[in-house]
Amino acid sequence: MRGPVLEKIYDRLYRSFGPQHWWPGETPFEVAAGAILTQNTNWLNVEKAIFRLKQEKKLSAAALHTLPVQRLASYIRPAGYFNIKAARLKNFIRFLMEEYQGSVERMAEEDLPVIRKKLLTVNGIGPETADSIMLYALEKPVFVIDTYTKRILSRHAILTHDAPYEAYQDLFHAKLSNQVSLFNEYHALLVKLAKEFCRTRPLCSGCPLEDVKPWLG
């Protein structure tokens, strides 16, 4: 891929949509928990689950660590797949307690490669969730690759859709300045584009990137 295509895409999206103010959450722990709960659902449903945990005064590592998994599942029901997500959230809490005494801030003190390797050993946390936790909760410069990112870049012939997660991530890391604020905003803008235009059935007319192909050179 020749030329600063990713930079051009970012500039076009930012001019079109403006800042997205991601990720919602009052504390790093809330953001980390939200990254697990948002798997296979939308953020509105996650907000309902987070609100319920706050109501019950259970939104902390210490509280969730002692909470029975069945009770946790009942609290996060709005997020969908609540039994699976309750188990995954408990796995993360157990990891956080054992490795970092329940402190997300303490986890953030470790180097990015170390944290990522550890997170990927937690049952139920894959690359996308691990990277979401690192970028949005720990403020580490890692680009999150999701279905929306793959859809947009593959439709514009930048990478094939079946290219591995690492290939997409390496592309962003190689072509962009590794800045937390940039990665945060870029990922959010791609999600916005996918929801507004680059849907499963795309709405190409009026899309901010409808003329992107000539940029590829």
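The values are calculated or read from the model by the stated rules, or taken from the named source; none is laboratory data. Keep in mind that what you see is a predicted model, and the values were worked out from it rather than measured. Positions of Cβ are generated from backbone atoms using ideal geometry, with glycine treated the same way; all protein chains shown enter the neighbour counts.
A compact table of results
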| item | result |
| --- | --- |
| Residue match in segment 130-147 (condition: crowded, with 20+ Cβ neighbours inside 10 Å and touching a Cys at 6+ places or on another chain (Cβ under 6 Å)) | no |
| Failed condition for Leu44, given (1) under 24 Å from Glu139 (Cα atoms); (2) assigned by TED's automatic domain parsing to the domain that holds Leu89; (3) at pLDDT 95 or above | (3) |
| Any chance Ile133 is modelled with pLDDT of 95 or more, under 16 Å from the mean Cα position of the chain (by Cα), part of a loop (DSSP other than H, G, I, E, B) and assigned by TED's automatic domain parsing to the domain that holds Leu59 | no |
| Only one of Asn40, Asn45 that is assigned to a loop (DSSP other than H, G, I, E, B), farther than 30 Å from Ser177 by Cβ and among the polar types (S, T, N, Q) | Asn40 |
| Which listed residue, of Arg77, Arg88, Arg52, Arg106, is out of contact with any Leu (no Cβ under 8 Å at 6 or more places or on another chain) and surrounded by fewer than 16 Cβ atoms within 10 Å (Cβ to Cβ) | Arg106 |
| Selected residue [more than 25 Å from Ile50 (Cα to Cα) and either part of a loop (DSSP other than H, G, I, E, B) or touching a residue at least 12 places away in the same chain (Cβ under 8 Å) (or both)] from Asp162, Asp170 | Asp162 |
| Residue match in segment 41-48 (condition: on the phi < 0 side of the Ramachandran plot and buried (at least 18 other Cβ atoms within 10 Å of the Cβ)) | yes |
